[in-house]
Every structure is written in structure tokens, then in C-alpha cells.
């Protein structure tokens, strides 16, 4: 009698422990996310309402930093650049990615060789990408000089030194780095489509063009959405590439919100304004990500 | 999968096919060109770069730029070459990848096989953390690392990368384990297997593909990270920050060949990982997280 009771108590403890174990295992991660992500977001949010300069201060100044921020011409430059960069980057990557995926999907000889060639830039850091392209686009030693040496004397390509055009060089380098990855996403989508649907449509007399426009592309909707989300979040976070390629210049012509935040916070000692710009960046990403994540999670249930 | 590939329903004529091949080859050239240029010019003497054509093969082959980039080039103020920074990156990447992958695996296991009330909300919170712009955490992180005495140190960088990496690793493992039959776990529970036993004996043996994905993802991201490295690296800066210093140092003649050798050195580890295991990465990624 006593032994069974003892055993009961023991198994009780064990099952209790088993019940709690999963939560204990998960707890450190949840705690660190709560502190390092959400706690830190609140802290930065708070700082954006204070007059923090070089060091954090806790003197509340209301919306002053936001008002200052929106009165800075360079902030508008950064936002305008982000708009140009993000839209071109997303559109061009998607178009190239889709094109290459569709073409590669036509029983191409050497697909096994081409795919890694398209994909390898994604293994490189934006710093390496920027270093390579900075040099390649430098008129004095790169593409322009080569073309001239090859006999095209009037060839001129000075975008990287041009205030109005420099932002497009960032688009070129970024597209080079990421478009292969987008290709892989679309290719996976294409390979997942049931061929019988396509065959049926063909028997009904659909042309290749109609086949893709009416059937394949609509079926790729999830891949489009994933590509959009990944690319837009990469665009808003873009920092390294600008630093490596143009350093934000010439002048301030290739500043993005990410480089703006860094220079105002750490170089110009205006932490309050830097924090305010970070808050705006976060809100922009949240506006894109939260609906997407919500839909994803709901669907999976 | 390959059966589907081989049997595509679309038929194309000869002209279209030629066109397709041309486009594919042009793009291959576009992707290869900058890297080709880097490699070719990293084995040339500087005079051939400033005086010659970037597309031309070297007249004099030399490994001197590589040696300089590795051990004597001026990085910041010290003529140390990139070697110490390469070591910093290695010491940072290995533990950070290992820890975040193990934690991600355990989290994914709990979130799919030991579900409890509110687990979806916790997962959602972790998931969103993958996508925050890191600018929002830079200021408090710098302060906290300072308070903990970890500012400018490799352990500090490890902490940062683990903390902001577990969102992704958890996502990968959760999606992967979600497809694993829960009945098997139930059966093992009834047989008296405990939490860790089930993880060790049942989940881990089938986790190969997703471990590959998680390791490659984390390795690439952490090795390639620049923002955290430059913000919190201090004197223990990783390779990316050092390369940027090397390339953008304003003193003296710009030794492009050394810069290229340095850039390739910075890219080499991730390139090797990608060449060795890239195939599994894309495959696993498609199956796991990005629904194509």
C-alpha cells in the first residue's frame, strides 16, 4: 500500500516535470526575445521622445525629435531613395527571377550548371558585393575604361559618381546579389505545379503564352508573395551595401533610412533623432510583415 | 520531383529555344562577371590594374596581393592584414551557429509536439523578431553590452547573433517538425519515453535536412553580418567590418589587387559552404519555410 503511494508520488512528480519541461526549455528563448526584441523596441521608442544626444537621456521632449526629423532634407532624401531603391529592387528581382525560372524550367541542358551560377551571389555578403561593384562601376578603372580600351572611345558610364544616378548603381548591385535567390523560389513553385493541369489546357488549345499568363502565374501566387515580403524587408534593412558601394554619397545622394539612422545616432550624436528614424523604419516593416505573418500562421493552423 | 521536371507540358520551337539559351547565358555572364574580375585582378601586380584592362588575364601572375591581404595590409591603424579579423569571425560564427541551431531545434520540437495554450502567440512573437530592422535595437544593445562588459568582444557578438538568430532557426525547425507525425511521439510517450529521450531518439535522427538548412542560413547570415560587427565589434571586429576598413582606408595608394584578394578571402567561407551544401539548402528551404 505504502509502496504504491510512494510510486504514485514519484510518477506524479515525473509527469509534472514532463509537463513543465517543454515550457522550461522554451522559456529562455521567450525571455530573450521579450527582452532583446520587444523590450529594446520599447526602449528605443522611449528614447525617441527624449532629448538623448550622445548618450541616452530620459528627459521627455514629446514629439520634438519627430518634428526635427521631418524637417531634415536628408531624411527626405533617404525616404525618396528608399522608395526608388525598394520599388526597382523588388520589381527587377521579381521579373528576372521569374524569367530565369520559367526559362530554366524548359528542359534546359546544363541546368545543373546554370542554377548555381545564378545562385552563388547570395552566398556573398553585401560588403563583398559592394566592393566588387564599386570597382567594376568606377569609371577610372572599371567598365568604362575597359570599353574604351576595347575601342569604344565615347563609352561613358559614370552613374556611381553622379548625384542623380548613384542610387541606381545600388539597385544594380542589389539585384545582382538577390535575383538568383528569387529565381530559386519561383523555380520551386514551378516544379510544384501539377503538369496534368497544363496538359489539359494545351489540349484545349491554349498557347504557351496563355498557359503561363492564365494558369502558371496565378498558381505562383504564394511564391510572388514570399518574394515580395523577403525583398521588401531586405530593402528596408539595406545598410551594408550602401556603405560598401557608395558610403551614402556622393554627398548624401544615396542615403537610406538605415544609413541615416546610424550616422545620426553614432556619428552625429543625435540619438533621439536616430531613435525616431528607427521607430519609423520598424513601423514600415511591421505594416508589411504583420498582415503577412498573420495570414501565414492562420493558414497553417 | 525530377519526373515532373523532365516531363514539362510546354513545347517550344527552335527559335524560341535558341532565344532562351541566349538569355540564360547572358545572365550567367552577368552573375559571373564581377567575381571573375575580382579573381583575375587579385593575382595581378597593381601596375597591370591601373595601366591595363580589367578583363585581361595577368601577364605576371602573383600571389603577393593575397599574402598582403592576409598578413600585412593596413586595416584601420594596424598593418595586421585580415588574418586576426578572419579569426574573430571564425570564433564568433562557430559557437553562434551551434547554439542558435540547438536552441531552434528544441524550440521547434516544443512548439509542434508539446503544444500548450498560447504557443502560437509565442511563436508569432518570435517570428516577427526575425524581420525587425536591427536599427531599432542598436542603441539599447550597445548599452546593455557595455553594462555587461561585453562591448567590443567576441562573446558579445556571439550573444547578439544567437539572440537575433533563434527566431529563424525556430521557424525552420517548427515548420519541419510540424510535418512529422505526432502519433509517433504519442506512441513513444505511452511507452514511457521522456521529453529529451523522444527528442534524441526520434526527432533528431530525422532532422538532418533541416539542420543543414539552419546551419547554412545561420553561418551565411552571421559570417556576412556587417551592422552588428561594426556597431559592437570594437577591437574584435569581424571580417566584413575589417574588409570595409581595408577598402575604404583613405591613406596611401589604393591597392586594388589587395582589396580583391581581401574581398575573396571574406567571401570564401560562405562560398565554400554554399558550393558544398548549397543544393541541400535550397531544397530544404523550399520544403521548409518558403512556401513556393
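All of the numbers you see were taken from the coordinates with simple rules; none came from a lab. Computed from a predicted structure; not experimentally measured. For neighbour counting, all protein chains shown are included, and Cβ atoms are generated from backbone atoms with ideal geometry for every residue, glycine included.
Is the protein assembly as shown rounded, prolate or oblate when judged by the Cα gyration tensor, a ≥ b ≥ c being the square roots of its eigenvalues, rounded requiring a/c under 1.5 and prolate requiring a/b larger than b/c? It is oblate, given that a/c is not under 1.5 and a/b is not larger than b/c.
Cβ-Cβ distance of residue A:219 and residue A:42, R₀ of 30 Å, FRET efficiency by 1/(1 + (r/R0)^6): the value works out to about 0.10. Listed by Cβ neighbour count within 10 Å, with the fewest neighbours leading, B:182, A:265 appear as B:182, A:265.
Going by neighbour counts of Cβ atoms within 10 Å, the residues B:173, A:49 line up, fewest first, as A:49, B:173. Note on chain B: Cα Rg divided by 2.2 N^0.38 Å, N the number of residues, gives 1.24. Ranked by the mean number of other Cβ atoms within 10 Å per residue, highest first, peptides A:243-255, A:21-33, A:121-133, A:267-279 order as A:121-133, A:267-279, A:243-255, A:21-33. For the segment A:35-45, counting C-beta atoms of other chains within 10 Å of every residue's C-beta and taking the mean gives 6.
Rounded to the nearest 0.05, the FRET efficiency derived from the C-beta distance between residue B:276 and residue B:80 at R0 = 25 Å is 0.30.
Among B:103-110, B:198-205, sorting by the average number of other beta carbon atoms lying within 10 angstrom of each residue, highest first, gives B:103-110, B:198-205.
Taken over the alpha carbons of the range A:199-301 as equal point scatterers, the Debye sum produces base-10 log I(q)/I(0) values at 0.10, 0.23 Å⁻¹ of -0.50, -1.15.
Mean separation of Cα pairs under 8 Å and 6 or more residues apart, divided by the residue count, gives the range B:197-292 a relative contact order of 38 percent.
Mean sequence separation of contacting Cα pairs (under 8 Å, at least six apart), scaled by the length of the range B:83-288, corresponds to a relative contact order of 33 percent.
Counting other Cβ atoms within 10 Å as a rough exposure proxy, the listed residues B:196, B:281 run B:196, B:281 from fewest neighbours to most. Between residue A:206 and residue A:21, the distance separating the two model label sites (each 7 Å from Cα on the Cα→Cβ line) works out to 5.2 nm.
Its Cα gyration tensor gives the range A:64-300 an equivalent ellipsoid. The semi-axes, each the square root of 5 times an eigenvalue, are 36, 27, 14 Å from largest down. For the range B:12-62, the normalised intensity computed at q = 0.12 Å⁻¹ comes to -0.42 (log10 of I(q)/I(0), Debye sum over alpha carbons, equal scatterers, no solvent). Over chain A, Cα pairs under 8 Å with separation of 6+ residues give a relative contact order of 29 percent. Mean partner shielding of peptide A:191-197, defined as the number of other chain Cβ atoms within 10 Å of each residue Cβ, is 4.
Shielding by partners for peptide A:15-26, expressed as the average number of C-beta atoms from other protein chains within 10 Å of each residue's C-beta, is 5.
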